[in-house]
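Step one of this worksheet: look at the structure below.
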Amino acid sequence: MMEPILSRNPATGATLKQIDQTPVAGIAALVETARYAQKSWAKVPIRERAKCLLNAREYILNNLDDIADLIHLENGKPKFEAIVNDIIPVLDLLSQYAKKAPKLMADKRIPMKLMLHRASYLQFWPKGVIAIISPWNYPFSIPFGEVAFALVAGNAVVFKPSEVTPQIGLKIKEIFDNSGLPKDLLQIVLGDGARGAALVASKIDKVFFTGSVLTGKRVMASAAENLTPVVLELGGKDPMIVLPDADLDYATSAALWGGFSNSGQACASVERILVHESIHDDFVSKLKEKLAALKHGQDLGVATYEKQKATYAEQLAELSSSNAQIVCGGHFSKDRTYLEPTIVTNPKNHTDRPLERTKIYNDETFGPVVAVTTYKTIEEAIEKANHSRYGLLASVIGRDAALAEQVARQIEAGTVVVNDVMYTHGLAETPWGGIKESGFGRVHSDLGFLEVVNVRHIHKAKWWAPLFKAFWWFPYTEHQMKMFRHFANVMFRRSWFDKARELPNLLTEFVEMLKKEKRL
Ligand code: NAD
């Protein structure tokens with residue numbers, strides 16, 4: 001008998017609902033059902049398909065409070081964050097890409113440089129069946145955008161939400177089921193990682209995986225068996241550089257939201273803060289003061305996931321033997337539902353910065369913890385920011401906007417935000433994705449749209465061009481070779497004099513070649 005998964009309220013630990021897991025043995029059949037439905041969906045004109053996105057938008061608006069309450073209940077984030085960070089970005093994405101998708105899927109001409117009698121263009125067509133596997137931290141906005149892109153492009157989707165937030169996954173399915181999509185086009189797989197693994201191993205055409213680095217590596221290894229392409233959106237240890245001229249009030253408010261919204265459970269959370277040594281103490285005391293004013297329940301949600309609590313506990317335990325200093329927080333609440341928001345830094349006047357050797361500074365925490373260290377020069381700040389196996393998002397805060405941007409341009413990350421923090425996953429029109437162990441591929445934006453389509457290059461003779469055999473076809477002759485050597489010089493020499501000198505030779509060999517081939 002297969003164990004059901006439990007939808008829980010992380011604030012109380014109470015079980016909200018028992019949900020049956022999708023049998024592993026049935027997953028291949030779900031993929032095939034989706035594939036069958038996709039065949040006719042791909043033939044529906046894209047403007048019609050796009051209407052489903054707008055219908056989904058309407059359904060969300062009509063049920064906004066219910067959806068926000070469910071996200072709050074099952075994920076534990078404040079309702080405010082459910083509306084602002086999960087739901088509104090989805091409404092925006094649906095609005096923008098219902099309009100943009102037809103343009104993005106229209107044929108695109110490629111101007112020809114040499115072959116003026118030929119035409120080339122790109123044709124975009126759906127990939128087929130796309131698997132979307134998602135985490136629990138933004139359980140609505142992360143998968144929703146990926147599902148919407150895949151569907152409007154003419155694909156079928158098999159979606160596996162996190163086992164930690166299955167009811168939110170089912171809500172996404174309900175929204176699309178009420179949007180006018182054909183039956184069977186969107187399938188859902190419910191349950192643990194074994195179901196995700198079975199989905200990746202099945203005959204799908206692409207996987208969008210968002211989750212931890214460890215699982216991402218497993219997904220990629222398994223996808224390699226069938227050469228299934230993957231987009232991997234993985235973890236981060238995102239740095240914020242606070243430049244010496246930064247406005248401290250602005251910088252600390254940015255760090256506060258960037259580090260502690262969603263209870264720090266965001267791949268794009270500010271986890272490392274690099275502050276110029278001249279302002280470190282003021283920065284830390286101001287941040288501490290602002291942190292103390294945040295209210296649990298209203299501003300800060302609970303820790304969503306039991307396993308995650310073990311990570312905080314382990315990382316914090318290491319600090320006691322490392323000389324690093326816990327400025328505030330560092331404990332679980334009595335009922336262990338939340339971790340006090342925590343700032344860690346180096347002990348005063350400690351020049352070898354012990355914090356920088358700890359896990360809490362180097363490994364993803366994914367919780368309400370920021371690790372603050374110092375730097376002396378801008379070069380050192382950049383080097384420290386880049387000294388990480390992750391490369392998802394970074395931010396730079398400073399009054400001299402040109403300097404801040406110059407620093408941003410040297411950070412190894414998929415996104416660098418200047419004088420703002422974290423929020424760009426919420427923007428439909430900007431690309432989201434990382435480098436290094438944060439993964440690869442992009443979601444959102446026109447670049448992300450390209451990930452859900454195949455590209456076919458069509459190359460054709462222009463209607464007015466006579467059909468003659470190309471000069472590089474068989475048989476190869478001496479005149480032909482000479483002609484191409486002169487051709488190379490005429491076309492690619494830098495000097496116009498050299499080009500002109502070669503032109504008569506080219507023409508002579510050209511005529512000789514035509515005669516030899518009896519084309520003249
Ligand atoms: P996770 O890797 O444990 O699980 C993610 C999903 O993968 C879940 O649905 C899970 O059931 C499934 N899964 C587990 N094992 C699998 C397997 N072998 N094959 C296929 N699927 C499998 O991650 P999580 O705890 O849900 O999420 C937290 C992680 O996600 C953090 O590291 C965070 O940084 C990352 N994340 C990244 C982004 C991004 O955009 N880069 C966004 C959100 C979260």
Could you please give the count of residues in the range 109-137 that are in a strand (DSSP E or B) and within 16 Å of the ligand (Cβ to nearest atom)?
5
Please enumerate the residues belonging to the range 258-291 that are polar (S, T, N, Q) and touching a Phe, Trp or Tyr at 6+ places or on another chain (Cβ under 8 Å).
ASN262, SER263, GLN265, SER269
Considering each residue of the range 263-297, count those that are part of a helix (DSSP H, G or I), more than 19 Å from LEU339 (Cβ to Cβ) and not hydrophobic (A, V, I, L, M, F, W, C), and give that number.
6
Can you confirm whether ILE241 is in contact with a helix residue (DSSP H, G or I) (Cβ under 9 Å, 6 or more places away or on another chain), closer than 26 Å to TYR390 by Cβ and either within 13 Å of the ligand (Cβ to nearest atom) or in a strand (DSSP E or B) (or both)?
yes
Considering residues of the range 196-224 that are more than 7 Å from the ligand (Cβ to nearest atom) and out of contact with any strand residue (DSSP E or B) (no Cβ under 6 Å at 6 or more places or on another chain) only, the residue farthest from ILE5 (Cα to Cα):
ALA224
Expected output for the range 459-481 (first residue within 19 Å of MET115 (Cα to Cα), partner assigned to a helix (DSSP H, G or I) and aromatic (Phe, Trp, Tyr), Cβ below 8 Å, 6+ apart or cross-chain) is PHE471/PHE484; TRP472/PHE484
Residue count, the range 309-338, condition crowded, with 21+ Cβ neighbours inside 10 Å and within 16 Å of the ligand (Cβ to nearest atom), comes to 2
Among the residues of the range 191-208, what is the count of those that are more than 23 Å from TRP41 (Cβ to Cβ), not in a helix (DSSP H, G or I) and not acidic (Asp, Glu)?
1
Among (1) farther than 23 Å from SER261 by Cα; (2) in contact with a Gly (Cβ under 8 Å, 6 or more places away or on another chain), the one test that VAL370 misses:
(1)
Which numbered condition in (1) within 22 Å of GLN38 (Cβ to Cβ); (2) touching a residue at least 40 places away in the same chain (Cβ under 8 Å); (3) buried (at least 19 other Cβ atoms within 10 Å of the Cβ) is the only one that LYS203 fails?
(3)
Test: LYS160 is basic (Lys, Arg), within 16 Å of the ligand (Cβ to nearest atom) and more than 21 Å from the chain's Cα centre (by Cα):
no
Go through the range 264-308 and report how many residues are within 16 Å of the ligand (Cβ to nearest atom) and at pLDDT 95 or above.
9
Sort through THR311, THR304, THR337 and tell me the only one that's assigned to a helix (DSSP H, G or I), outside the structural domain of LYS77 (by TED's automatic domain parsing) and touching a residue at least 24 places away in the same chain (Cβ under 8 Å).
THR311
Taking the conditions exactly as written (surrounded by fewer than 11 Cβ atoms within 10 Å (Cβ to Cβ), closer than 20 Å to LYS113 by Cα, within 49 Å of the chain's Cα centre (by Cα) and not assigned by TED's automatic domain parsing to the domain that holds HIS117), does PHE484 satisfy them or not?
no
Just need a number here: residues in the range 225-238 that are β-branched (Val, Ile, Thr) and either touching a helix residue (DSSP H, G or I) at 6+ places or on another chain (Cβ under 8 Å) or away from the ligand (no atom under 11 Å from the Cβ) (or both).
2
Only one of TYR138, TYR121, TYR59 is of a type in the set (Ser, Thr, Tyr) and within 30 Å of PHE471 (Cα to Cα). Can you tell me which?
TYR121
Which of the residues belonging to the range 298-308 are closer than 16 Å to GLY13 by Cβ and surrounded by fewer than 16 Cβ atoms within 10 Å (Cβ to Cβ)?
GLU306, LYS307
Restricting attention to the range 398-416, which residues are more than 15 Å from the chain's Cα centre (by Cα) and either more than 13 Å from ILE378 (Cβ to Cβ) or assigned to a loop (DSSP other than H, G, I, E, B) (or both)?
GLY398, ARG399, ASP400, ALA401, ARG409, GLN410, ILE411, GLU412
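Only one of LEU447, LEU467 is at pLDDT below 95 and surrounded by fewer than 18 Cβ atoms within 10 Å (Cβ to Cβ). Can you tell me which?
Working: LEU447 fails: at pLDDT below 95.
Just one listed residue meets the conditions, LEU467.
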Looking at ILE142, is it within 15 Å of the ligand (Cβ to nearest atom), among the β-branched types (Val, Ile, Thr), within 18 Å of ASP86 (Cβ to Cβ) and buried (at least 20 other Cβ atoms within 10 Å of the Cβ)?
yes
Expected output for the range 213-236 (first residue over 19 Å from VAL443 (Cα atoms), partner among the polar types (S, T, N, Q), Cβ below 9 Å, 6+ apart or cross-chain) is SER222/THR228; ASN226/SER202
ASN75 vs. criteria away from the ligand (no atom under 16 Å from the Cβ) and out of contact with any strand residue (DSSP E or B) (no Cβ under 9 Å at 6 or more places or on another chain):
no
Being within 16 Å of the ligand (Cβ to nearest atom), assigned to a loop (DSSP other than H, G, I, E, B) and farther than 26 Å from CYS328 by Cβ, is that true of even one residue in the range 367-386?
no
Checked the range 169-192 for anything within 16 Å of the ligand (Cβ to nearest atom) and either more than 20 Å from the chain's Cα centre (by Cα) or small (Gly, Ala, Ser) (or both); matches are GLY169, LEU170, LYS171, LYS173, GLN187, ILE188, VAL189, LEU190, GLY191, ASP192
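The values are calculated or read from the model by the stated rules, or taken from the named source; none is laboratory data. No experiment lies behind these values; they were computed from the predicted model shown. Cβ sites come from the backbone with ideal geometry, for glycine too, and all protein chains shown count toward neighbours.
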